[in-house]
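Asker: Shown below is the structure under consideration.
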Amino acid sequence: MTLTVAQIDRETDQLVGEWLPLSAVAKKLGLSIGRTKQLIKDKKLVGARRGSGEPQIPVRFLGPDDVLKGLPGTLTVLADAGYDEVESIRWLFTADDSLPGAPIDAISAGRHTEVKRRAQALGF
């Protein structure tokens with residue numbers, strides 16, 4: 001299975017801050033590398049390359065033992081609005097005064113429906 005993952009730009013990399021390599025994500029979630037790659041392929045997770053090596057996932061995309069609740073649906077809506085992986089990551093980590101905070105903060109706080117509604121508006 002070929003996994004296509006975009007190269008991250010410096011600004012987005014700094015917005016995110018903390019990343020985990022794909023192998024560490026698989027271990028944290030108790031999944032095989034293949035199943036973890038499938039999560040990315042299915043747009044339930046997005047990652048990026050930071051230099052050379054394996055793809056990396058923002059740490060904030062993960063809960064204690066699963067993908068953060070509400071994130072997969074939001075990623076689907078962003079993809080449907082035409083956002084690629086890096087644009088989705090940037091949008092999720094960019095502060096929005098109307099939330100307040102970044103969309104990833106609202107998702108972490110359980111307000112994923114509100115975030116999804118805003119993401120849907122991007123497509124129009």
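The values are calculated or read from the model by the stated rules, or taken from the named source; none is laboratory data. Given the structure is predicted, the values throughout are model-derived calculations rather than measurements. All Cβ positions, even for glycine, are placed from backbone atoms using ideal geometry, and neighbour counts span all protein chains on display. Heads up: the accessible areas ignore ligands, DNA and RNA and are worked out on the full protein's heavy atoms, side chains in. Shrake-Rupley method; radii C 1.70, N 1.55, O 1.52, S 1.80 Å.
Asker: Does any residue of the stretch 85-102 turn out to be in a loop (DSSP other than H, G, I, E, B) and closer than 19 Å to Leu22 by Cβ?
Answerer: Within the stretch 85-102, none of the residues are in a loop (DSSP other than H, G, I, E, B) and closer than 19 Å to Leu22 by Cβ.
Asker: Still on this structure, please answer the following. From the residues in the stretch 6-30 that are open to solvent by 20 Å² or more (accessible area, probe 1.4 Å) and over 20 Å from Ala102 (Cβ atoms), which one is modelled with the lowest pLDDT?
Answerer: The residue in question is Gln7.
Asker: Within the stretch 4-37, how many residues turn out to be assigned to a helix (DSSP H, G or I), in contact (Cβ under 8 Å) with a residue 12 or more places away in the chain and either in contact with a Ser or Thr (Cβ under 7 Å, 6 or more places away or on another chain) or polar (S, T, N, Q) (or both)?
Answerer: The number of residues fulfilling the criteria is 7.
Asker: I need a count of the residues in the stretch 5-33 that are hydroxyl-bearing (Ser, Thr, Tyr) and under 15 Å from Trp91 (Cα atoms).
Answerer: Taking the stretch 5-33 as the starting set, the residues that turn out to be hydroxyl-bearing (Ser, Thr, Tyr) are 12, 23, 32.
In the following step, the residues that additionally are under 15 Å from Trp91 (Cα atoms) were identified as 12.
So the count comes out to 1.
Asker: Kindly indicate the residue of the stretch 38-60 that is touching a residue at least 40 places away in the same chain (Cβ under 8 Å) and in a helix (DSSP H, G or I) and also most open to solvent (accessible area, probe 1.4 Å) among those meeting that condition.
Answerer: Checked the stretch 38-60; the qualifying residue most open to solvent (accessible area, probe 1.4 Å) is Lys41.
Asker: Separate question: If Ala109 satisfies all but one of (1) open to solvent by less than 50 Å² (accessible area, probe 1.4 Å); (2) over 23 Å from Ala6 (Cα atoms), what's the number of the condition it fails?
Answerer: In the conditions (1) open to solvent by less than 50 Å² (accessible area, probe 1.4 Å); (2) over 23 Å from Ala6 (Cα atoms), Ala109 misses (1) alone.
Asker: Pro64 versus (1) open to solvent by 10 Å² or more (accessible area, probe 1.4 Å); (2) modelled with pLDDT of 95 or more: which is the lone unmet condition?
Answerer: Every condition holds for Pro64 apart from (2).
Asker: When you look at Lys69, is it part of a loop (DSSP other than H, G, I, E, B), without any contact (Cβ under 8 Å) to a residue 60 or more places away in the chain and either farther than 22 Å from Arg117 by Cα or not aliphatic (A, V, I, L, M) (or both), yes or no?
Answerer: Working: part of a loop (DSSP other than H, G, I, E, B): yes; without any contact (Cβ under 8 Å) to a residue 60 or more places away in the chain: yes; either farther than 22 Å from Arg117 by Cα or not aliphatic (A, V, I, L, M) (or both): yes.
Yes, satisfied.
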